[in-house]
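See structure below.
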Amino acid sequence: MSVPFVDLALQYAALRSEIDDAVAGVLRHSRFIGGEEVRAFEAEFAAFVGTEHVVGCANGTDAIEILLEALGVGSGDEVLVPALTWISTSEAVSRVGATPVFVDVDRHGTIDVDVLGDALTSRTKAVIPVHLYGHPADMDGVMAFAKEHGLLVLEDCAQAHGARWRERPVGTFGDAASFSFYPGKNLGAFGDAGCMVTWSEEVATRARRIANHGQLGRKHDHAVEGRNSRLDTLQAAVLRVKLRRLDAWNQARRAHAAAYTGLLEGTGVAPLGERPGAESVYHLFVVLGPDRDALREHMTAQEIGAGVHYPRALPDLECYASRSVPREAYRQATRIASNGLSLPMFPELTRAQIEEVVRVIRDHDV
Ligand SMILES: *Cc1c(COP(=O)(O)O)cnc(C)c1O
């Protein structure tokens, strides 16, 4: 039995008539930018997250960048980011002219609140906790630290739609939050898409203006220079259909994680696990094991999908080589980058497939 790492076609097949109708509706009215679908999706996603304002944009990377600008982060500022994440998080910081400062992660892969203080300087302006792999960062620790030092908090929720920290959804803790709807994310569009979330009307207004060439409401009224980063109407129509399933899909992911965790006991391979208070939505199911690369090859040979997220900690990327971050400052990030393996994880995964994945892992152990 082969088990894919993800299977997006399966999800489309299950929703085909609804999605086809939604797409056809947009094609028929042919208003491809903005309009009712975008407005409705923004309202529905706000209800899902439990926040006030949602502003659609072109992708999750733009969402971080635009929010940083809307929050007033820029040249001369330092922003604390985890040493292990997809590059978008730090890239967006550099793009607004600020400097990303890398902070190690804890054993769950999210920013280590115990070492935040080591990275603090008089120029630190903000912190971006990333709810990596769908697992919420320790938001008690992050918010307390931010409050004590007067820092802005931008949550990177690209992998964590619907995840909760102490019963409260991620994206509702900080000054603002970014989401990605990249196809493989827990809520995925049929192309690139993203959104920005905030409690602040002022931040939402600024973000909406930046994302639409500085215009707000009336066309040709350019109060400021902005850029073009809008949520496509077609993507909004697709996302509306999928959003209605997101809770059920996240529950299925959690059930798969529990099944994996039980079955993996006694193998040399262990899940990162959940911190007490965290309710992960398992965008990825990451295990640590010895000889990760050999295990991955063995799985690939047996037609079991597996991935590495991410093979290098950010300070080890070529683009940050000149920063010369001392190795001991991101030990845990390096440990996960060197030993972490992402097992197949998607809502439609079956019990038989999970058992097969674990069988193949055991087969490598012995
Ligand atoms: C996917 C992702 C992003 C950015 O999303 P895009 O929509 O691909 O631009 C940002 N941060 C993290 C942690 C991500 O996984």
Can you tell me how many residues within segment 237-257 are part of a helix (DSSP H, G or I) and exposed (fewer than 14 other Cβ atoms within 10 Å of the Cβ)?
3
For segment 78-130, what are the residues that are part of a helix (DSSP H, G or I) and more than 19 Å from residue 328 (Cβ to Cβ)?
88, 89, 90, 91, 92, 93, 94, 95
Looking only at residues that are of a type in the set (D, E, K, R) and within 16 Å of the ligand (Cβ to nearest atom) in segment 70-105, which one is nearest to the chain's Cα centre (by Cα)?
91
Subset of segment 163-188 (residues that are buried (at least 19 other Cβ atoms within 10 Å of the Cβ) and within 9 Å of the ligand (Cβ to nearest atom))
178, 179, 180, 181, 182, 185
Restricting segment 106-118 to residues that are among the hydrophobic types (A, V, I, L, M, F, W, C) and buried (at least 21 other Cβ atoms within 10 Å of the Cβ), which is farthest from the ligand (Cβ to nearest atom)?
116
Wholly within segment 142-236, strands (runs of 3 or more DSSP E) carrying at least 2 residues that are at pLDDT below 95
218-222
Checked segment 131-162 for anything more than 21 Å from residue 333 (Cβ to Cβ) and either in contact with a helix residue (DSSP H, G or I) (Cβ under 6 Å, 6 or more places away or on another chain) or within 16 Å of the ligand (Cβ to nearest atom) (or both); matches are 161, 162
Consider only pairs whose beta carbons are under 8 Å apart and that are at least six residues apart or on different chains; among these, list those whose first residue lies in segment 194-209 and is on the phi < 0 side of the Ramachandran plot and more than 16 Å from the ligand (Cβ to nearest atom) and whose second residue is among the hydroxyl-bearing types (Ser, Thr, Tyr) and modelled with pLDDT of 95 or more.
198/51; 199/51; 199/172; 204/198
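The values are calculated or read from the model by the stated rules, or taken from the named source; none is laboratory data. Since we're looking at a predicted model, the values are computed, not measured. Every residue, glycine among them, receives a Cβ derived from its backbone with ideal geometry; neighbour counts consider all protein chains shown.
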